Amino acid sequence: MTESGEDLLTKALAEAIAQLSGPRRLTVVEVTVSGITTFGLRRDETGTPRCRFGPPVPWTDLAGDPATDPPEEATEEQVLLAAVGVPPGSEVFLVCGSPDDPPTAQVMEWLRAARPEATAFTRPGARVETLLREILLHEPLCRSYDLVVLKRHPETGRLELSSHPLFLVGARRGDTLRVQVRCDHGDEYGTAFAVVAWQGPRPRLLSVQTARLTPGRYDFTAELERPGRVRFVGLPGLVRDDRDWAELIAAVPAVLGGEVEPAHLICAVEVSGAAKQVDERLIRVRQMITVMSGGTTPELVVSLVAYGAHSYDRRATQEPVEVAGWLMSPEQALHSLTDWERRGATTPGYPYAAQVEDMLAEVADRLGKTEPRRTVLLTVGDRPPHPPRVHRSEILPCPDRHDWELLLAWIERRAGMTLGAICDRPPEQADPIWQRLGGGAPIQLEVADVRRLGDDLGLSPPKAQRIPFPLIETP
Amino acid sequence: MVSDAGPARPNIAMWGAPTSGKTTLLAALSIALLQRRSPWRIVGADDASTAFLKDKAAALSRGKEFPRATQAMDRYRWVLIGEGEQRDGLLRRRPKPTPAPRIGLNLLDPPGGVYGDEPDKFGTDQQELLDNLVGSKGIVFLFDPLREFERGDAFDYLYGALTQLAGRMLGSDGYTGDRLPHHLAVCITKFDEYRVLETAKELKLLVTDPEDPYGFPRIDDDDAVELFKWLCRISASGSAEMVLNALDQFFRRDRIKFFVTSSIGFYLDPRTNFFNPDDYQNLIPKPAEGVSFHIRGPVHPINVMEPIVWLGERLAGEPPNEGPGR
């Protein structure tokens, strides 16, 4: 069948391209005086039509010049067929652009004879490359396109990978959409604007562009340049990103930590014992508050608790646990600490233990009256607690029968609680309770690195967020 | 003070390793005799002994501190005086009023090393101590279980002295018996200490006297030897088990009695004034020292008077201090 007319050819080609899916292929063979050009078309996994073609193959490369040296028909046909390289099962279009040229017409005849099922067109001056380019450029989308985003669970803070619709099936070149997202600090590539095409339940990565953006809200436009290409207008510094889907997913953190509530640092200091040691403990507490409240950290609230030694001398007065302040600002806490520093060590009292259990009772009592929040109990001291009753350690029982094990277990179980400790002695020489007070990792007073301890306890200012995708707020 | 003149009387010697609590026991004895309204009184036989007893008893009752560790030989003599008209106990057999029984109580408090580990260092003192033991009819032997826990030298200390004593007495031609003639009150001290009381509790040896207003735990004297055996078994050296054998070997079994004692007693909560099994330790280390102790609450001596009274009753019926032979 021979048909003519540009619209008809364009329509037929567009229809054939629209029918492409899965393994189906379309081959367009263009025959002109310049030679034979073969166009291979298919859809990729994103549903985007792809066309591959090379430069025209001149006649001389195939079988010499048919005008001056006509070859044997059978030989010529075989050569031509081999040169066309039509893949098996492919739908074939034959387009003759130079019907007035006898050799070209002859070759066209050979091709038609060889592929009788092919749709043949004769159109003088036709340029298949141009026709196909136009068709592909204006083809409506056969799959929807989405922007890859992250959504934060409002309660857990856990990040969920999600998508935001950009273009639906049927969208065409030039369609646009306004998009609003929030961008945080990206990873080393920046923030990725990845577009996926959906086929059933599975997304296919279509394109990735990244930009190093200042954290904040962005209002930009997504424009469908053509099937397979989305342009973002209003995002500065976008560059192409060649990472694959797996690499992008691996960059997503589990939890969004950008909105950290103020931490509550409880410093419990043993103020009995050698004056020099007490001074040193107070110095460490001052360092901790100063370092952890500096910089860009979110608010830090501080509570100060001092405890000493029980006195079992019936003639001496009992010094209770002293709370200098609860939920104070770091500045207030440092001011209160000054009073303790001036005062120094308290009366010696019982030498083998300290009021650790009374301190725990006081802390537990106060914590029980407040809502759970991120809290660090930092105990700084040396001696063990008093047992609640007579004990093989022969340390005298707490006069108020406070049971440090029960109290500490309650504190340990409290939501958001972290324990840390600075002990005068190295861990291997300290009483075993310091392991528990220190959350399994007490550190020695003399070598205490408060900045590192603060990091370990989660008190340090949080590092800049590394969120590799735009964030969409959830209602 | 009581004059030393008059008829000879039987003597009791205090014997125990250094730091076993001899002087504290004596101070506690004087308090116990007052607290219990005992028919027995203790008085000094000389000015020094009277002063010693007064000072130590006062210090102990005030809860200040223990007598200092003995650095040189201290010699003290007291007299236990019973009631002459008393008709119960040892006087029951006597149909007529008799003079008050009087028993000498001698403490030759030696520094460490006199009896055992350094026998040559204190030669003169050692001789004097042996003379005191030879001249006594009763011995209060203090066994310090804590010292045994930590040092385990009771056997060394006891056996060294016993062999010398036996050599002096049994080896001489004047004695015909096969055992030493003394009555021996073995006092297991420091009953108030955690390790001793808890051991007794584990052995189920504790009883409570329903008449005791404080509810203090006690150990029947008949069961005291069980505690003694157990404490010897868990001594630091392991040699303490031989202590009982040595006592059996040198003393007549019917003249040995065991007592579980505490010079200071248990702590009493002033709010309840009753024994609290959860909080009974009556010793507190001195602040900032941790090596010496003072007493937490009032002193309530336990079984301190009983060994002396037992010895007193046994000796009161015996002839005056004519020497321990027989």
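Looking at A:V252, A:V260 in this structure, which one is in a loop (DSSP other than H, G, I, E, B), closer than 21 Å to A:G454 by Cβ, aliphatic (A, V, I, L, M) and modelled with pLDDT under 90?
Answer to the check: A:V260.
Being assigned to a loop (DSSP other than H, G, I, E, B) and farther than 14 Å from A:V86 by Cβ is the filter; apply it to region A:16-37 and report the residue that is least open to solvent (accessible area, probe 1.4 Å).
Ranking the qualifying residues of region A:16-37, first place goes to A:L20.
Given (1) at pLDDT below 80; (2) buried (at least 17 other Cβ atoms within 10 Å of the Cβ), where does B:K121 come up short, assuming only one miss?
(2)
Would you please list the contacts, defined by Cβ atoms under 8 Å and residues six or more apart or on different chains, that run from a residue in region A:105-120 that is more than 15 Å from A:E30 (Cβ to Cβ) to a residue that is among the β-branched types (V, I, T)?
Short answer, once both residue conditions are applied: A:E117/A:V92.
Of the residues that sit in region A:363-397 and are in contact with a helix residue (DSSP H, G or I) (Cβ under 6 Å, 6 or more places away or on another chain) and in contact (Cβ under 8 Å) with a residue 60 or more places away in the chain, which one is nearest to the other protein chains (Cβ to nearest Cβ)?
Checking each candidate, the answer is A:H386.
So, in region A:284-330, how many residues would count as being of a type in the set (V, I, T), modelled with pLDDT under 80 and within 40 Å of the chain's Cα centre (by Cα)?
Number satisfying all stated conditions: 2.
Criterion first (under 22 Å from A:M288 (Cα atoms) and either open to solvent by less than 50 Å² (accessible area, probe 1.4 Å) or not basic (K, R) (or both)) does A:D400 satisfy it?
Judged against the criteria, A:D400 is not a match.
Report yes if A:E357 is open to solvent by 20 Å² or more (accessible area, probe 1.4 Å) and either over 28 Å from A:G416 (Cβ atoms) or within 50 Å of the chain's Cα centre (by Cα) (or both), otherwise no.
no
Only one of (1) in a strand (DSSP E or B); (2) of a type outside the set (V, I, T); (3) open to solvent by less than 60 Å² (accessible area, probe 1.4 Å) is not met by A:S272, so which one is it?
(1)
Being touching a Pro at 6+ places or on another chain (Cβ under 6 Å) and of a type outside the set (F, W, Y) is the filter here, so list the residues in region A:415-434 that pass it.
Selection gives A:A415, A:G416, A:A421, A:C423, A:P427, A:D431, A:I433.
Checking the structure you have, find out if any residue of region A:229-244 is β-branched (V, I, T) and under 19 Å from A:L166 (Cα atoms).
Yes, because at least one residue in region A:229-244 is β-branched (V, I, T) and under 19 Å from A:L166 (Cα atoms).
Output the qualifying pairs, or none if there are none: Cβ atoms under 6 angstrom, residues six or more apart or on different chains, first residue in region B:51-63 and within 14 Å of chain A (Cβ to nearest Cβ), second residue surrounded by 13 or more Cβ atoms within 10 Å (Cβ to Cβ).
B:S61/B:I31; B:S61/B:V299; B:G63/B:I295
Among (1) surrounded by fewer than 23 Cβ atoms within 10 Å (Cβ to Cβ); (2) at pLDDT 90 or above; (3) within 14 Å of chain A (Cβ to nearest Cβ), which single condition is B:V225 missing?
(3)
For the subset of region B:50-103 comprising residues that are open to solvent by less than 30 Å² (accessible area, probe 1.4 Å) and more than 30 Å from B:Q126 (Cβ to Cβ), which member is modelled with the highest pLDDT?
B:I81
Could you look through region B:127-171, keep only residues that are small (G, A, S) and either closer than 13 Å to B:P181 by Cα or surrounded by fewer than 19 Cβ atoms within 10 Å (Cβ to Cβ) (or both), and pick out the one that is modelled with the lowest pLDDT?
The residue in question is B:G152.
For A:Y352, only one of the following conditions fails: (1) surrounded by 15 or more Cβ atoms within 10 Å (Cβ to Cβ); (2) of a type in the set (S, T, Y); (3) not in a loop (DSSP other than H, G, I, E, B). What is its number?
Condition (3) is where A:Y352 drops out.
With the condition kept exactly as written, say whether any residue in region A:217-235 is modelled with pLDDT under 90 and either out of contact with any helix residue (DSSP H, G or I) (no Cβ under 7 Å at 6 or more places or on another chain) or open to solvent by less than 40 Å² (accessible area, probe 1.4 Å) (or both).
Yes.
Consider A:T210 against the criteria (1) in a loop (DSSP other than H, G, I, E, B); (2) open to solvent by less than 40 Å² (accessible area, probe 1.4 Å); (3) under 13 Å from A:P468 (Cα atoms); (4) not aromatic (F, W, Y): it satisfies all of them except one. Which criterion is unmet?
All conditions are met except number (1).
Out of region B:174-186, which residues are part of a loop (DSSP other than H, G, I, E, B) and crowded, with 21+ Cβ neighbours inside 10 Å?
B:H182 - this is the single residue of region B:174-186 that is part of a loop (DSSP other than H, G, I, E, B) and crowded, with 21+ Cβ neighbours inside 10 Å.
Can you name the residue in region A:172-207 that is small (G, A, S) and touching a helix residue (DSSP H, G or I) at 6+ places or on another chain (Cβ under 7 Å) and is also surrounded by the fewest Cβ atoms within 10 Å (Cβ to Cβ) among such residues?
Among those that are small (G, A, S) and touching a helix residue (DSSP H, G or I) at 6+ places or on another chain (Cβ under 7 Å), it is A:A192.
If we scan region A:165-183, do we find a residue that is small (G, A, S) and over 20 Å from A:L224 (Cα atoms)?
The answer is no, given that none of the residues of region A:165-183 is small (G, A, S) and over 20 Å from A:L224 (Cα atoms).
The values are calculated or read from the model by the stated rules, or taken from the named source; none is laboratory data. None of the values given here were measured: they were computed from a predicted structure. All Cβ positions, even for glycine, are placed from backbone atoms using ideal geometry, and neighbour counts span all protein chains on display. Ligands, DNA and RNA are stripped out before the accessible areas are found, and what is left, the full protein with its side chains, is counted by its heavy atoms. Shrake-Rupley method; radii C 1.70, N 1.55, O 1.52, S 1.80 Å.
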